[in-house]
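Student: Here it is, the structure, as structure tokens.
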Amino acid sequence: MFTGNQQGYALAFDDTTGELLWKFQTGAAVRGQPATYKVGGRQYVAVPSGGGGLAVTLVGEPPLASKGSALVVFALPK
């Protein structure tokens, strides 16, 4: 299972035990849902991060100063 948090971490959890398997600091709050997809038999995870927009109105300012937006994409091991 993949998710992200307001502290800017993209997170991966074991879907059976809930154990944290991996995390990565994106540099800005993760404000959207990660998406997975396959290309050429390889699976990828895309994580949107960044501040501003409607999210600030709904949940307040993110704790990280960066308001830059990015789409961080990871290839999963084969």
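Student: Please work out which residue is nearest to residue 9 (Cα to Cα), limiting yourself to region 20-41 and to residues that are over 9 Å from the mean Cα position of the chain (by Cα) and among the β-branched types (Val, Ile, Thr).
Tutor: If we take residues in region 20-41 being over 9 Å from the mean Cα position of the chain (by Cα) and among the β-branched types (Val, Ile, Thr), then 36 is nearest to residue 9 (Cα to Cα).
Student: Can you name every residue in region 1-46 that is crowded, with 16+ Cβ neighbours inside 10 Å and at positive phi?
Tutor: The one that is crowded, with 16+ Cβ neighbours inside 10 Å and at positive phi: 8.
Student: Next up: Just one of 47, 73 is farther than 19 Å from residue 6 by Cβ and modelled with pLDDT of 90 or more; which is it? It would help to see each step written out before you state the result.
Tutor: Numbers: 47 fails: farther than 19 Å from residue 6 by Cβ.
Residue meeting the stated conditions: 73.
Student: What are the residues in region 1-15 that are assigned to a strand (DSSP E or B) and modelled with pLDDT under 90, if any? Lay out the reasoning, then the answer.
Tutor: Filtering region 1-15 for residues assigned to a strand (DSSP E or B) gives 2-4, 9-13.
Across region 1-15, there are no qualifying residues.
The values are calculated or read from the model by the stated rules, or taken from the named source; none is laboratory data. Note that the structure is a prediction, hence the values are computed from the model and not measured. Ideal geometry is used to build each Cβ from the backbone, glycine not excepted, and the neighbour counts take in all protein chains shown.
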